[in-house]
Amino acid sequence: MILSLFNLLIFPGFLFLSLFGLAMEFVDRKLYARMQNRIGPPWFQPFADFIKLAAKEEIIPEEADPVMFRLMPVFALTAVVTAFFYIPLWGTHSLFAFNGDLIVVIYLLTLPTLAFFLAGWHSTSLFAMIGATRTLTQLFAYEVPLFMAVLAPALLAGTWSLSEMTVFYQVHPAYAGFNIIGFIVALIAIQGKLERVPFDIPEAETEIVGGTFTEYSGRLLAMFRMAIDIEAVVCASLVAAVFLPFGFGLGPAWGFVIYVFKVLIIIALLALLRTVLARLRIEQMTIFCWKVVAPAALLQLLINLILSGVL
Amino acid sequence: MKWLQKLITWARIKSPWVIHFNTGACNACDIEIVAALTPRFDIERFGILLKGTPRHADVLLCSGPVTRQIQDRLVRIYEQMPEPKFVVAVGTCACSGGVFQGCYNVKGGIDAVLPVSAYIPGCPARPEAIIDGVVKLLSSLDPKPAATLPETTTTAKST
């Protein structure tokens, strides 16, 4: 009981995840700045931002639905933290596991996007509503490729459980090399899921002010930012567990170091994508996702189908 | 709870998010503000980020004299910002009304309408002066260094 509470709230639960998420936001912003030939923010910047926002006044617009407006940040935060418990991190087994948890993790990672949509919709502000509809349009574009890309390695492993998948790839490490197309597809889809450049169309601040979060301020905005930071870490962990299944058998200490290293690599790749690309328009984004990314994910599925028959 | 207050003040000084609003400037100060946001000056070093919406912002950067037409909009933008909030007047016109003082369509400087926390003179104010002004305004929140604040281009007043 006490151990479960410790696991849920402190390590590797909420507290660890928050600090890790904020640290990864710093890594992302610093890399982004260095790649633009800037010095970039100091290490405590995400922490300062969070404390400042938490101490600010929170305004709820008169026309907004107060219950939904307050509930949505909590909802987004809870969903991403819950998803984290089903992902194998530094051992082959996650904290909680059952057959089919891969689907649950993907489902839980979709919830924050829906929370962003509902938050924008219930703000009843013009810009927030445009942002909300764009969030949903974008969801339909990247979600299917992400699903297919993550399911392809599961097909090869012949299981729907993330923990059993890592056990399988632990036994056959060379098989992970077949999933390279899926890895690239997942990276692109995650960039859309986290609403970062080139897929930051829902919160394009040069066109629609602040997008979904236009009306959010103070503590609620801090919670949303925290949810996005944690989502980045959870997505990176998922990609690390599915596509980079190495170094699980070295004990918890080395396993932890390797896990952090893998997450750092994925965050660095995402920061690189963010630096070299510019924002697309919404229809360019959907066309790109359906005509390029989805067929690539299908190809990965096909390769893994044939391989699972041959090998 | 003194340490908590200290922590909050520290966070406020380290993370000023600004929103830029043109109250009727000739665009020179706006160009200088935009120049201050470029990688050359890299204001993210101080934690300064430009925000599109007043709900996210802490500091309202105003440029230009307040015209009668913009007055209501300016007050509305200011009221949409959550507390604590600060107003910085960028450029001579924003500080006092400049050469437009007494014109039929001009109310005067920003302080004719809103409480101003920092004045940054210059026609237009240089990016260095704007960054200096915002940083000094925020360091005036901290009671200790405010006493020894050097008097240069900016005078910070408490609201």
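The values are calculated or read from the model by the stated rules, or taken from the named source; none is laboratory data. Just so it is clear, the structure is predicted and the values come from calculations on it, not from any experiment. Cβ coordinates were reconstructed from backbone atoms using ideal geometry, including for glycine residues, and neighbour counts include every protein chain displayed. When the accessible area is computed, the model is the full protein with side chains, heavy atoms only, and any ligands, DNA or RNA have been set aside. Shrake-Rupley method; radii C 1.70, N 1.55, O 1.52, S 1.80 Å.
Which of the residues belonging to region A:62-101 are more than 21 Å from residue A:170 (Cα to Cα), in contact (Cβ under 8 Å) with a residue 60 or more places away in the chain, open to solvent by 20 Å² or more (accessible area, probe 1.4 Å) and part of a loop (DSSP other than H, G, I, E, B)?
Matches in region A:62-101: A:63 only.
State which residue pairs qualify: first residue free of Cβ contacts under 8 Å to residues at least 40 places away in the same chain and inside region A:238-249, second residue open to solvent by less than 10 Å² (accessible area, probe 1.4 Å) and not charged (D, E, K, R) in any location, beta carbons under 9 Å apart, and separation of 6 or more residues or different chains.
Within 9 Å, the pairs are A:240/A:87; A:240/A:259; A:240/A:263; A:240/A:266; A:247/A:255; A:247/A:259.
Can you name the condition, by its number, that residue A:206 falls short on among (1) in contact (Cβ under 8 Å) with a residue 60 or more places away in the chain; (2) hydroxyl-bearing (Ser, Thr, Tyr); (3) out of contact with any Asp or Glu (no Cβ under 7 Å at 6 or more places or on another chain)?
(1)
Kindly provide the set of residues from region B:1-19 that are free of Cβ contacts under 8 Å to residues at least 40 places away in the same chain, more than 8 Å from chain A (Cβ to nearest Cβ) and assigned to a helix (DSSP H, G or I), ordered by number.
Matches in region B:1-19: B:2, B:3, B:4, B:5, B:6.
Could you please give the count of residues in region A:107-118 that are crowded, with 21+ Cβ neighbours inside 10 Å and β-branched (Val, Ile, Thr)?
Residues meeting the conditions: 1.
Can you find a residue in region B:99-112 that is surrounded by fewer than 23 Cβ atoms within 10 Å (Cβ to Cβ), among the hydroxyl-bearing types (Ser, Thr, Tyr) and free of Cβ contacts under 8 Å to residues at least 60 places away in the same chain?
There is at least one residue in region B:99-112 that is surrounded by fewer than 23 Cβ atoms within 10 Å (Cβ to Cβ), among the hydroxyl-bearing types (Ser, Thr, Tyr) and free of Cβ contacts under 8 Å to residues at least 60 places away in the same chain.
Could you tell me how many of the residues in region B:64-79 are crowded, with 18+ Cβ neighbours inside 10 Å and of a type outside the set (A, V, I, L, M, F, W, C)?
Summing the residues that are crowded, with 18+ Cβ neighbours inside 10 Å and of a type outside the set (A, V, I, L, M, F, W, C) in region B:64-79 gives 3.
Quick one: is residue A:159 closer than 30 Å to residue A:65 by Cβ, out of contact with any Ser or Thr (no Cβ under 8 Å at 6 or more places or on another chain) and surrounded by fewer than 19 Cβ atoms within 10 Å (Cβ to Cβ)? Break it down into steps so the answer makes sense when it comes.
On the way: closer than 30 Å to residue A:65 by Cβ: no; out of contact with any Ser or Thr (no Cβ under 8 Å at 6 or more places or on another chain): yes; surrounded by fewer than 19 Cβ atoms within 10 Å (Cβ to Cβ): yes.
Criteria not met by residue A:159.
Identify the residue in region A:32-83 that is away from every other protein chain (no Cβ under 14 Å) and charged (D, E, K, R) and, among all such residues, is nearest to residue A:9 (Cα to Cα).
Among them, the one singled out is A:70.
May I ask you to verify whether residue B:84 is free of Cβ contacts under 8 Å to residues at least 40 places away in the same chain, in a loop (DSSP other than H, G, I, E, B) and within 12 Å of chain A (Cβ to nearest Cβ)? Spell out the reasoning first.
Details: free of Cβ contacts under 8 Å to residues at least 40 places away in the same chain: no; in a loop (DSSP other than H, G, I, E, B): yes; within 12 Å of chain A (Cβ to nearest Cβ): yes.
Judged against the criteria, residue B:84 is not a match.
If you check residue A:121 against the conditions, is it open to solvent by 30 Å² or more (accessible area, probe 1.4 Å) and not in a helix (DSSP H, G or I)? It would help to see each step written out before you state the result.
Values: open to solvent by 30 Å² or more (accessible area, probe 1.4 Å): yes; not in a helix (DSSP H, G or I): no.
Taking the combined requirement at face value, the residue does not satisfy it.
Give me the pairs: first residue in region B:30-51 and in a strand (DSSP E or B), second residue β-branched (Val, Ile, Thr), beta-carbon distance under 7 Å, and six or more apart or on different chains, which are they?
Listed pairs, sorted by first residue: B:50/B:18.
Out of all the residues in region A:44-59, is one or more under 22 Å from residue A:273 (Cα atoms), assigned to a loop (DSSP other than H, G, I, E, B) and not acidic (Asp, Glu)?
No, because not a single residue in region A:44-59 is under 22 Å from residue A:273 (Cα atoms), assigned to a loop (DSSP other than H, G, I, E, B) and not acidic (Asp, Glu).
Looking at A:264, A:238, A:244, which is the one that is closer than 30 Å to residue A:130 by Cβ, of a type in the set (A, V, I, L, M) and either surrounded by fewer than 21 Cβ atoms within 10 Å (Cβ to Cβ) or at pLDDT below 90 (or both)?
Step by step, each of A:264, A:238, A:244 is checked, and only A:238 is closer than 30 Å to residue A:130 by Cβ, of a type in the set (A, V, I, L, M) and either surrounded by fewer than 21 Cβ atoms within 10 Å (Cβ to Cβ) or at pLDDT below 90 (or both).
Can you say whether residue A:195 is at positive phi and not hydrophobic (A, V, I, L, M, F, W, C), as far as the supplied structure shows?
yes
Need pairs with beta-carbon distance below 7 Å; first residue free of Cβ contacts under 8 Å to residues at least 24 places away in the same chain and within region A:13-29, second open to solvent by 10 Å² or more (accessible area, probe 1.4 Å); sequence gap 6+ or separate chains.
A:15/A:9; A:16/A:10; A:26/A:43
Could you list, in sequence order, the residues of region A:188-201 that are open to solvent by less than 20 Å² (accessible area, probe 1.4 Å) and away from chain B (no Cβ under 13 Å)?
Taking region A:188-201 as the starting set, the residues that turn out to be open to solvent by less than 20 Å² (accessible area, probe 1.4 Å) are A:189-195, A:198-201.
Scanning region A:188-201 gives A:189, A:190, A:191, A:192, A:193, A:194, A:195, A:198, A:199, A:201.
Identify the residue in region A:41-59 that is free of Cβ contacts under 8 Å to residues at least 24 places away in the same chain and surrounded by fewer than 18 Cβ atoms within 10 Å (Cβ to Cβ) and, among all such residues, is farthest from the chain's Cα centre (by Cα).
Of everything passing the filter in region A:41-59, A:42 is farthest from the chain's Cα centre (by Cα).
Within region A:124-142, can you find the residues that are closer than 18 Å to residue A:60 by Cα, open to solvent by 20 Å² or more (accessible area, probe 1.4 Å) and in contact with a helix residue (DSSP H, G or I) (Cβ under 9 Å, 6 or more places away or on another chain)?
Across region A:124-142, the qualifying residues are A:127, A:129.
Please enumerate the residues belonging to region B:20-41 that are open to solvent by 10 Å² or more (accessible area, probe 1.4 Å) and within 14 Å of another protein chain (Cβ to nearest Cβ).
The answer is B:20, B:21, B:34, B:37, B:38, B:39, B:40, B:41.
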